[in-house]
1. Filter the range 74-90 down to the residues that are over 11 Å from the mean Cα position of the chain (by Cα) and in a loop (DSSP other than H, G, I, E, B) and list them by number.
2. I'd like the full set of residues that are out of contact with any Pro (no Cβ under 8 Å at 6 or more places or on another chain) and within 17 Å of V11 (Cβ to Cβ), limited to the range 62-74.
3. Mind listing just one residue for me: the one in the range 43-55 that is at pLDDT 90 or above and closer than 24 Å to V21 by Cα and, of those, surrounded by the most Cβ atoms within 10 Å (Cβ to Cβ)?
4. With respect to I37, determine if the residue is touching a strand residue (DSSP E or B) at 6+ places or on another chain (Cβ under 9 Å) and assigned to a strand (DSSP E or B).
5. Kindly list, by first and then second residue, each pair from a residue in the range 62-73 that is over 12 Å from V51 (Cα atoms) and assigned to a helix (DSSP H, G or I) to a residue that is at pLDDT below 95 and not β-branched (V, I, T), limited to pairs with Cβ atoms under 7 Å and residues at least 6 apart or on different chains.
6. Which one is nearest to G12 (Cα to Cα) among residues in the range 41-61 that are of a type in the set (S, T, N, Q) and part of a loop (DSSP other than H, G, I, E, B)?
Amino acid sequence: MNQIRLSCTRVGPNSSAPDLVALCVSEGDRLPCTGSIGGDSRSNASRSLHVGGVHVLLCDGAVRFISENIDLNTWQSLSSMGGGEVIGEF
């Protein structure tokens, strides 16, 4: 089955890794970015000013607080469409 992942889960929540964007206006540690990225290589991390994680909206309409310490594979599986992953509690 073809698996598509959203680009906002390339790295974990509140990651210090820079966003890969076409036009970068970095705000230091809060919103780090690298500019001049084109095509399918662009991505923005999920970031929040909340300490310890981010709020996310799930497809069923639920809003959850996700720890920035979540396992990266679990985090990426949450954004997968058609990947067939079975995700337990997170």
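1. S80, G82, G83, G84, E85, V86, I87, G88, E89, F90
2. Answer for the range 62-74, where residues must be out of contact with any Pro (no Cβ under 8 Å at 6 or more places or on another chain) and within 17 Å of V11 (Cβ to Cβ): N69, D71, L72, N73, T74.
3. V54
4. Answer is no for this residue.
5. Pairs found: L72/G12.
6. So, considering only residues that are of a type in the set (S, T, N, Q) and part of a loop (DSSP other than H, G, I, E, B), the one nearest to G12 (Cα to Cα) is S46.
The values are calculated or read from the model by the stated rules, or taken from the named source; none is laboratory data. On a predicted model such as this, the values are computed, not experimentally measured, just so you know. All Cβ positions, even for glycine, are placed from backbone atoms using ideal geometry, and neighbour counts span all protein chains on display.
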